[in-house]
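To start, the structure itself, in structure tokens.
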Amino acid sequence: MTEQDVASVSRLPTWSTLLLGIVLALGGLVVLGDVVLATVISAIVFGIALVISGAFEIFYAVWAGGWRGFIWHTLLGISYIVFGCALISQPAVGSLAVTWIIGAVLLVSGVIRAALSFRQAGTGSWMVFMSGLFGFLAGILILAHWPDSGLWVIGTYLGIDLILHGVGWIVVAFGPRSVASR
């Protein structure tokens, strides 16, 4: 957190920070209760975001004027809209594609991070190596169980992320700032 973040959090009442943490953590538990539904809903929301982004990309291409980048911005906008509509109309199939991409990115980035850890001198290089190893293993697990993993990976990740985010806010609520204000 930056000093500005700490300053803005310290202005919040402790009860509101605690409530935010509890709501986020409970939301994560709800999501983990049905990860397939959460995955499908996430794909639909992502699709809607892509359609809106695509429309704005095309709007920008027209608004910016001139031919410089017009074709690329327009093609990018159309691609966003097409992929977004595909996700909205077929969220389960879209989740499979997104999960495969996540698995591939984790696998490749894990190998790169592990390799870079050997070029890094210092005490933190083991942590970079471990991060790469876990990323690599997560990518392998996702891809090895694909397409079945496409139905639960995104929802599971979302649920765990919400729980950890909520716990983080609960810790902030009971941190030194709240003790000092009491």
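Find the relative contact order for the chain and round it to a whole percent, using C-alpha pairs within less than 8 Å whose residues are 6+ positions apart. List each step's numbers first, then the result.
Working: 235 pairs, mean separation 67.4, N = 182.
Answer for the chain is 37 percent.
Label points 7 Å out from Cα along the Cβ direction at residue 29 and residue 92: separation in nm?
Each label point is offset 7 Å from its Cα along the Cβ direction, giving 3.0 nm.
Expected output is a single nm value to one decimal: the length gained when fully extending between residue 52 and residue 148, i.e. 0.36 nm times separation in residues minus the C-alpha distance. What is it? It would help to have the intermediate numbers written out before the result.
Working: separation 96, 0.36 × 96 = 34.56 nm, distance 2.93 nm.
So the extension gain works out to 31.6 nm.
Let me see the pair-distance distribution of segment 95-179: every alpha carbon pair, 10 Å bin width, integer percents in order.
It works out to 18, 30, 29, 20, 4, in whole percents.
Name the chymotrypsin sites (Phe, Trp or Tyr not before Pro) in segment 23-77 that are in a loop by DSSP and that have at most 10 other C-beta atoms within 10 Å, would you?
Details: sites: 46, 56, 59, 60, 63, 67, 70, 72; in loops: 67.
In loop regions of segment 23-77 (DSSP not H, G, I, E or B), the sparsely surrounded chymotrypsin sites (Phe, Trp or Tyr not before Pro) are 67.
Roughly how many Å² is the accessible area per residue of the chain, as a whole number, for a 1.4 Å probe? It would help to have the intermediate numbers written out before the result.
On the way: 11740 Å² over 182 residues.
That works out to 64 Å² per residue.
Among 74, 128, 45, pick out the residue whose Cα is farthest towards the positive end of the charge dipole of segment 28-182, where Lys and Arg carry +1 and Asp and Glu carry -1 on C-beta, about the Cα centre.
128
Calculated FRET efficiency, residue 104 and residue 126, Cβ-Cβ r, R0 30 Å, to nearest 0.05? Numbers along the way, then the final one.
Working: r = 26 Å, r/R0 = 0.85.
Working from the Cβ atoms, E equals 0.70.
Give me the percent of accessible area attributable to carbon and sulfur for segment 18-117, probe 1.4 angstrom.
Values: 4990 of 6000 Å².
The value for segment 18-117 is 83 percent carbon and sulfur by accessible area.
Report the calculated FRET efficiency for residue 36 and residue 82 (r = Cβ-Cβ distance, R0 = 30 Å), to the nearest 0.05. Present the calculation step by step, with values, prior to reporting the outcome.
Details: r = 25 Å, r/R0 = 0.84.
So the FRET efficiency works out to roughly 0.75.
Report the charge-dipole magnitude of the chain in Debye, nearest 20, computed about the Cα centre from +1 at each Lys and Arg Cβ and -1 at each Asp and Glu Cβ. Write down the numbers at each step before the final one.
Details: 6 positive and 6 negative charges, 82 e Å.
Taking the Cα centre of the chain as origin, the dipole is about 400 debye.
[x] 18.9, 54; [y] 20.9, 61; [z] 19.6, 58: which one is Rg and Dmax of the Cα atoms in Å as calculated from this entry?
Given [x] 18.9, 54; [y] 20.9, 61; [z] 19.6, 58, the structure-derived one carries the label [y].
Output the DSSP H helices from the chain with an along-axis C-alpha extent of no less than 27 Å and a mean Kyte-Doolittle hydropathy no less than -0.5.
Working: long enough: 14-33 (29 Å, 2.04); 35-64 (42 Å, 2.19); 70-89 (28 Å, 1.75); 91-119 (41 Å, 1.58); 125-144 (28 Å, 2.02); 153-173 (30 Å, 1.75).
Correct list, ordered by number: 14-33, 35-64, 70-89, 91-119, 125-144, 153-173.
The values are calculated or read from the model by the stated rules, or taken from the named source; none is laboratory data. Computed from a predicted structure; not experimentally measured. So basically every Cβ, Gly included, is an ideal-geometry build from the backbone, and we count neighbours across all protein chains shown. Accessible surface is based on the protein model in full, side chains and every heavy atom, while ligands, DNA and RNA are left aside. Shrake-Rupley method; radii C 1.70, N 1.55, O 1.52, S 1.80 Å.
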